[in-house]
Amino acid sequence: PTLTGTTAVVDWTTQKLVKTLATPVGARVALVDAATHRLYLIGPNTTAAYTLPGLNPLWQKPVGGNTAVMADNRLYLNAPTADVTTVLNAETGAPEQNVPVGHIEDMVFDPAYHTIWMANWYNGDMTVLNAATNRVVTTLHEAEGGGFSMTNKMGAMSGYMQIAVGPNGQHVYAAAFSGNIMVFNANTNQFVRDVPAPVPMAKLSGLAIDPNGEIAYTTVESQNETIAVSLKSGALLALWPHIQSNRWLTFSAP
């Protein structure tokens, strides 16, 4: 999706652009549900659903966000400026509920415990939500998780940017402007430890965990680079200059 209102489809087997379609202006998040063959495009004020592979429009609703997850055929939408989490029926787009958890920069679904982890942009709260009941299980507060403001993001000394679930669902990780990769135990819902980025004065943003759960890939926003870090030893395994992203993901080929 692009902010100008088009979405490009690329065939990864040929690396060719195969289709461009008109989509909601401002869309920045794309989610695919392989089980139901649906594509969701989310922008700050609009969410739209399409069939796959035909890309036929299914529905469009005047509600959005800048982070979204899917669980139990529901879409959860939030943003740093939102006071609540909006829950939509993924099949029809009908609003189901507003969960009183807001100001979320990123959230992830952990299928191992059927929970949604939600990182607060401002105060460092990490809220754990039961996806079956939409009730808050617990809220963890770590000072280094909060500290962003809309006017002084790069000046912040702490704050979550992206969170990620480990491959077996036992741990949740957060990239923080404090310079640490924060590790949470998803079974006990507790903060476990910090893995300091082996780069001076690092402000971390994008984050992904490799399919073996051994390596964290994270962007050092303050240095315009991305690094690979051993989660066990904290050692720097690789560095790629001039690669910077607020959102990373990893996947393993079948």
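The values are calculated or read from the model by the stated rules, or taken from the named source; none is laboratory data. Because the structure is predicted, anything quoted here is derived from the model rather than measured. Every residue, glycine as well, gets a Cβ built from its backbone with ideal geometry; the counts of neighbours run over all protein chains shown. Heavy atoms of the whole protein, side chains included, go into the accessibility calculation; ligands, DNA and RNA do not. Shrake-Rupley method; radii C 1.70, N 1.55, O 1.52, S 1.80 Å.
Restricting to the range 2-50, name every residue that is part of a strand (DSSP E or B), open to solvent by less than 40 Å² (accessible area, probe 1.4 Å) and among the polar types (S, T, N, Q).
Thr7, Thr47
With the requirement that a residue be in a loop (DSSP other than H, G, I, E, B), modelled with pLDDT of 95 or more, surrounded by fewer than 19 Cβ atoms within 10 Å (Cβ to Cβ) and of a type in the set (S, T, N, Q), what does the range 99-150 give you?
Passing the criteria: only Thr133.
Please specify each residue of the range 55-68 satisfying the condition of being farther than 20 Å from Asp106 by Cβ and open to solvent by 30 Å² or more (accessible area, probe 1.4 Å).
To start, the set of residues in the range 55-68 that are farther than 20 Å from Asp106 by Cβ comprises 55-62.
Matches in the range 55-68: Asn56, Pro57, Leu58, Gln60, Lys61, Pro62.
Step by step: first the residues of the range 222-242, then only those that are part of a loop (DSSP other than H, G, I, E, B) and open to solvent by 70 Å² or more (accessible area, probe 1.4 Å), then the one that is nearest to Gln162 (Cα to Cα). Which residue is that?
Narrowing the range 222-242 to residues part of a loop (DSSP other than H, G, I, E, B): 222-224, 231-235, 242.
Keeping just the survivors that are open to solvent by 70 Å² or more (accessible area, probe 1.4 Å) gives 223, 232-233, 242.
Numbers: Gln223: 17, Lys232: 20, Ser233: 22, His242: 19 Å.
The residue in question is Gln223.
Would you mind telling me which numbered condition in (1) touching a strand residue (DSSP E or B) at 6+ places or on another chain (Cβ under 8 Å); (2) within 22 Å of Ala119 (Cα to Cα) Glu225 fails?
(2)
Return only the number of the condition from (1) open to solvent by 70 Å² or more (accessible area, probe 1.4 Å); (2) under 23 Å from Arg38 (Cβ atoms); (3) assigned to a loop (DSSP other than H, G, I, E, B) that Pro167 does not satisfy.
(2)
Which numbered condition in (1) farther than 30 Å from Arg135 by Cβ; (2) at pLDDT 95 or above is the only one that Leu58 fails?
That leaves (1) as the condition not met.
Would you confirm whether or not the range 69-79 contains a residue that is over 30 Å from Thr188 (Cα atoms), outside any strand (DSSP E or B) and either aromatic (Phe, Trp, Tyr) or open to solvent by 10 Å² or more (accessible area, probe 1.4 Å) (or both)? Write out each step before concluding.
Step one: of the range 69-79, the residues over 30 Å from Thr188 (Cα atoms) are none.
No; the residues of the range 69-79 include none that is over 30 Å from Thr188 (Cα atoms), outside any strand (DSSP E or B) and either aromatic (Phe, Trp, Tyr) or open to solvent by 10 Å² or more (accessible area, probe 1.4 Å) (or both).
Within the range 204-221, can you find the residues that are in a loop (DSSP other than H, G, I, E, B) and open to solvent by 30 Å² or more (accessible area, probe 1.4 Å)? Reasoning before the result, please.
Keep residues of the range 204-221 that are in a loop (DSSP other than H, G, I, E, B), which gives 210-214, 221.
Of everything in the range 204-221, those that are in a loop (DSSP other than H, G, I, E, B) and open to solvent by 30 Å² or more (accessible area, probe 1.4 Å) turn out to be Pro211, Asn212, Glu214.
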